[in-house]
Amino acid sequence: MTVHHLRAAGSSLVLDARGVAASIVHWGSDLGDLDGTALAALADAVVPAVPPSSLDVPLRFALLPGLAEGWSGRPALAGHRQGRPAGGLRLVGADLQDFLTVRSATPEGDLEVLTELDLSSQGVLRVRHRLTNTGPGDFHLAGLDVRLPIPQDAAELLDFTGLWCHERQPQRTPLGHGMWSRESRHGRPGHDDAFLLMAGEPGFGFRHGRVWAVHLAWSGDKSVHAERSALGYGALGAGELLAPGEITLAEGGSYETPWLVAVFSDTGIDGLSDRLHPWIRSRNALRLPRPVVLNTWEAVYFNQDHAVLNELVDAAAAAGVERFVLDDGWFTGRRDDRRALGDWYVDAETWPDGLHPLVQRVRGAGMEFGLWVEPEMISPESALAAAHPEWILGGPDAPTWRWQRVLDLGDPGAFAYIRDRLADLLTEYDIAFLKWDHNRDLLVPGSSHRQTTAVYRLLAELKTAFPHVEIESCASGGARIDLGILELVDRFWTSDTNDPLDRQAIQRWTSVLVPPEYLGGHLGDATAHVTGRTSALGFRLATALFGSAGIEWNLTVANDAEKQLIADWIGEYKRLRPLLHTGAVVRADPADPALRLHGVVAQDRSQAVYALVATGTPRSALPPPVRFPGLDPVRSYTVRPIGAPYKAVQDAPPPWLADGGITLPGRVLAEVGLTVPLLAPEQAALFTVDAV
Ligand code: GLA
């Protein structure tokens with residue numbers, strides 16, 4: 001037995017495997033190269049005093065904390081066998097190969113837990129437990145969480161809440177004694193998903209402060225929590241939220257937790273992205289370049305008129321679009337959102353020759369074809385529901401939501417039906433992309449685990465059978481964005497709102513975890529359909545540039561000047577996407593809350609692109625100079641304005657802008673910055689930065 005040390009990319013995790021139970025003695029900044037003696041001394045050095053009125057031996061933070069270790073906070077493992085709660089877990093052994101594995105078991109030997117801890121070269125820690133019922137009879141599992149310790153200076157929490165069209169709203173709260181638990185019972189993460197729970201030094205920002213963060217790579221019910229005990233111990237943790245009876249392990253049966261993805265940064269929130277993005281990119285071989293998309297939803301809604309769609313195909317191709325996606329409304333009987341989900345046959349009335357004429361037109365114009373589906377759902381008013389009421393999750397009396405119910409994918413017949421329908425469509429048509437929607441909560445107790453594992457299986461089977469088909473995870477916008485489903489999909493529909501003002505915040509925060517090339521962002525109508533707010537074309541274009549860009553607007557109604565600006569924007573996107581989709585995302589901590597600066601810096605820091613955004617009216621007539629983070633301090637860079645015109649409230653622009661650009665060392669750009677155009681509210685200015 002020994003003390004193990006995992007080190008990578010500025011972070012360390014030290015696990016003491018010498019005692020009765022394994023304990024994590026450090027998770028945070030890199031401790032350097034420590035030999036066995038130093039590691040043992042470190043582990044000894046953090047053993048605490050024994051306080052009054054407490055356990056008679058020092059309390060340590062166990063890998064699987066529970067009452068048997070003297071931990072009276074939330075236990076890592078909860079469950080029972082014939083009414084007898086699970087006993088404490090003792091260390092059996094630990095082994096460090098490519099990753100660290102720790103074996104624990106109850107003294108009675110009736111339960112075993114195998115824990116894997118894997119710190120990637122990018123500095124992303126993944127931890128999961130596998131519980132096996134090694135005793136006689138059934139074991140009823142109530143919960144199994146992964147917990148990681150955080151120090152007492154991690155005293156402020158930042159996580160997220162949200163609504164439809166208003167996802168990823170940040171919320172900060174001090175961490176006092178007790179538990180801050182964010183629980184999702186939607187059967188999907190939900191619009192109010194905690195998403196990424198951060199604990200940091202009070203006031204931590206994008207570019208400063210030490211931060212510890214966790215995310216559960218899981219698309220079903222879950223609890224993500226932070227806890228501080230009166231003794232001073234603190235922890236971040238997460239696990240699947242299990243309903244009573246949801247998981248019963250027969251003798252020999254096993255349950256594996258989702259991965260807890262954990263990151264430490266000593267340079268604020270951007271430091272989390274700097275580790276998460278390269279790691280995600282190394283795992284998901286996303287095909288680059290990301291094509292420019294046109295999605296028909298807000299252009300035509302359910303009115304799939306051939307003449308209009310044909311015109312839209314031509315306008316899209318002329319603008320430089322590369323993928324044309326036919327949204328909801330193409331299958332049998334689907335005239336509105338009240339019917340037909342499940343009847344995945346092309347509607348013979350709207351499409352007498354099938355989708356062939358449209359697909360041919362799209363392909364003929366040099367674009368890929370994509371199709372909207374919502375495979376996990378069933379409308380009460382559908383041929384499928386009439387034929388198979390037993391396939392409805394929760395039964396035919398389950399509450400409807402958007403007039404639909406959930407198809408029970410745990411039913412082998414329902415699973416096979418939906419897999420075969422999708423396979424037939426993918427075989428008959430030249431489909432490069434599925435927009436895979438999920439427009440309601442499950443609302444059936446105990447269904448989340450079965451349904452989530454089934455949809456993962458369905459996606460995996462389709463990916464194997466049709467490896468060239470890309471899939472977008474949409475759930476009424478961004479209600480299912482997580483690193484569990486990201487193993488199986490290629491794009492997220494970030495939000496149903498195309499209002500650029502709302503989008504600025506949603507994209508900013510979603511991209512803390514998910515690299516921008518996965519996050520769909522579309523140019524919408526001038527007056528946003530969801531909010532009714534009217535925005536300038538330049539602001540809409542600048543907002544949609546930073547992501548997997550597309551259009552969701554009836555381009556045929558655009559005037560010639562608008563069409564030209566859109567074509568120019570697509571050209572710029574194509575030029576910039578190698579940078580946008582591989583670089584480091586940076587955000588500034590603004591002195592003026594009405595101004596935002598974000599950008600992407602190439603990994604070799606040879607170039608960058610930034611957006612200065614006015615979300616409101618700046619506080620001073622001359623706002624503070626904009627400082628450009630992330631550049632190499634000793635290299636010189638030329639900063640140039642790009643993009644569509646914007647409205648500025650000024651008699652004359654700053655002279656460097658009037659001159660078309662300026663060259664300065666990265667250190668000066670980061671420390672002093674440049675004077676800015678006096679942007680009117682809801683305007684954005686774009687800059688490229690190139691090393692000279
Ligand atoms: C959901 C999606 C939208 C659109 C509609 C179609 O609301 O989020 O983007 O696809 O469904 O019904």
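Given a Förster distance of 22 angstrom, what is the FRET efficiency for residue 285 paired with residue 163, based on the Cβ-Cβ distance and rounded to 0.05? Before the final figure, lay out each step's value.
Values: r = 34 Å, r/R0 = 1.54.
Result of the calculation: an efficiency of 0.05.
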- Message: Using a probe radius of 1.4 Å on heavy atoms only, what accessible surface per residue do you get for the stretch 18-88? Whole Å² is fine.
- Response: 53
- Item | Percent of beta bridges antiparallel (DSSP, the stretch 257-396, rounded to nearest 5) | 10
- Item | Cβ crowding within 10 Å averaged over residues, with 354-367, 121-134, 170-183 ranked highest first | 121-134, 354-367, 170-183
- Task: In nm, give the distance between the simple-model label positions of residue 465 and residue 603, each being 7 Å from the Cα along the Cα-to-Cβ direction.
- Result: 3.5
- For the stretch 288-305, in residue order, the Karplus 3J(HN,Hα) values (coefficients 6.51, -1.76, 1.60; θ = phi - 60°; whole Hz; Gly and Pro = x) are 10, x, 6, x, 6, 9, 10, 10, 7, 3, 6, 7, 10, 6, 7, 8, 8, 7
- At q = 0.09 Å⁻¹, what is the log10 ratio I(q)/I(0) for the chain, with the Debye formula run over Cα points and no solvent? -0.83
- Task: Give the long-range amide H neighbours of residue 292: residues separated by 5 or more places, or on another chain, with amide H under 5 Å away, using H modelled in the peptide plane at 1.01 Å from N.
- Result: 322, 323
- Query: When the label point is put 7 Å from the Cα of residue 243 along its Cα-to-beta-carbon vector, which residues of the stretch 383-421 have a backbone N closer than 16 Å?
  - Reply: 391-401, 405-411
- Applied in sequence order to the stretch 179-191, the curve 6.51 cos²θ - 1.76 cosθ + 1.60 (Karplus, θ = phi - 60°) yields integer Hz couplings, x standing for Gly and Pro, of 10, 10, 10, 9, 10, 10, 10, 8, x, 7, x, x, 5
- Where does the charge balance sit around residue 185 when Lys and Arg score +1, Asp and Glu -1, over other residues with C-beta under 14 Å from its C-beta? -3
- Query: Can you run phi through the Karplus equation (6.51, -1.76, 1.60; θ = phi - 60°) for the stretch 43-49 and list ³J(HN,Hα) in whole Hz, with x for Gly and Pro?
  - Reply: 4, 5, 5, 9, 5, x, 5
- So who's got an amide H within less than 5 Å of the one on residue 377, skipping anything under 5 residues away but keeping other chains? H placed 1.01 Å off N, in plane. 407
- Message: Under a Cβ-only charge scheme (Lys and Arg +1, Asp and Glu -1), can you give me the dipole magnitude of the stretch 267-330 about the Cα centre, in debye to the nearest 20?
- Response: 600
- Item | Part-to-part distance (alpha-carbon centres) for the stretch 614-692 and the stretch 120-192, which is given in Å | 39
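Quick one: work out the % antiparallel among DSSP beta bridges in the chain, nearest 5. Provide the component values of the computation, followed by the final result.
Working: 126 of 153 bridges.
The antiparallel fraction comes to roughly 80 percent.
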- Note on the structure: The long-range amide H neighbours of residue 471, using H built 1.01 Å from N in the peptide plane and a cut-off of under 5 Å, are 434, 490, 491
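Taking all protein chains as present, what is the carbon and sulfur share of the accessible area of the stretch 77-210, in % to the nearest whole number, probe 1.4 Å? Kindly include the intermediate steps, with their values, before the conclusion.
Details: 2650 of 5390 Å².
Here carbon and sulfur together make up 49 percent of the probe-accessible area.
Indicate, rounded to the nearest 5 percent, the antiparallel portion of the DSSP beta bridges found entirely in the stretch 414-572.
Values: 1 of 14 bridges.
In the stretch 414-572, approximately 5 percent of DSSP beta bridges are antiparallel ones.
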- Tally up the carbon and sulfur contribution to the accessible surface of the stretch 400-520 as a whole percent, 1.4 Å probe, everything protein left in place. 56
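The values are calculated or read from the model by the stated rules, or taken from the named source; none is laboratory data. Predicted model, so just to flag it, every value in this text is computed and none were measured. Cβ sites come from the backbone with ideal geometry, for glycine too, and all protein chains shown count toward neighbours. Only protein heavy atoms, including side chains, enter the accessible area calculation; ligands, DNA and RNA are left aside. Shrake-Rupley method; radii C 1.70, N 1.55, O 1.52, S 1.80 Å.
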